[in-house]
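Since the structure comes first, as structure tokens, the remarks are kept for the end.
What follows draws every value from the coordinates through simple rules; no lab data is involved. In this text the structure is predicted, and so the values were computed from the model without any measurement. Every residue, glycine among them, receives a Cβ derived from its backbone with ideal geometry; neighbour counts consider all protein chains shown.
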Amino acid sequence: MHLDYDVHPKMDMKRKLNIIIYLNPEWQVSWRGNLGLWSHDEETNQPKELESSIIPIFNRAVLFDTTQNSWHGVTEGIFCPEGQYRKSLALYYLIPTEDLDNKRQKALFVPRQEQKGDESVKELIKTRSGY
């Protein structure tokens with residue numbers, strides 16, 4: 001799960017909307033790879049509950065607001081057979097920003113519940129976050 005960057009690192013524009021279009025004409029539900037959207041826990045500043053799980057079937061488009069609290073990611077592993085891949089096209093809508101003091105130029109990742117305590121996941125998060 002992660003939050004996307006908030007402000008584009010070169011354009012100083014705020015990321016407002018994401019649209020993801022899935023490009024897998026032969027995707028099978030059994031391959032999993034669903035996009036999850038989680039609520040935000042104000043107390044811990046972490047994802048709280050899975051609110052929606054979206055199957056990445058061909059030509060499906062998912063549009064969602066990109067805010068400080070838009071936790072999203074793959075709900076569980078991707079289990080497609082060799083030679084098959086979960087393909088998508090992601091586009092972002094940027095708007096001018098008034099508040100450059102509060103900007104996150106890199107995505108912020110957190111482990112899923114079953115990944116907590118897994119050192120390899122912690123290391124991957126550290127690498128992906130650039131810290």
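Just a few scattered comments:
- For the residue pairs K10/K126; K16/K116; K48/K116; K48/K122; K16/K48, the alpha carbons lie more than 24 Å apart in K16/K116.
- Cα-based helix-to-principal-axis angle, 119-129 vs the chain, degrees rounded to 10: 50 degrees
- Amide H partners (placed H, <5 Å) of S88, local residues excluded: L23
- Relative contact order %, the chain, counting alpha carbon pairs below 8 Å whose residues are six or more apart: 38 percent
- Exposure proxy order (Cβ contacts within 10 Å, fewest to most) of L124, L37, L63: L63, L124, L37
- Simple Cβ-charge dipole of the chain, Lys/Arg +1 and Asp/Glu -1, about Cα centre, in debye nearest 20: 460 debye
- Net lengthening on full extension, S53/Q113 (0.36 nm per residue, minus Cα-Cα): 20.0 nm
- Put a dot 7 Å past the Cα of E43, heading toward its Cβ, do the same for R60, and the two dots end up 3.2 nm apart.
- Peptide packing: for 21-31, 87-97, the average count of neighbouring Cβ atoms within 10 Å per residue gives the ranking 21-31, 87-97, highest mean first.
- Residues D4, D65, arranged from fewest to most other Cβ atoms within 10 angstrom of their Cβ, appear as D65, D4.
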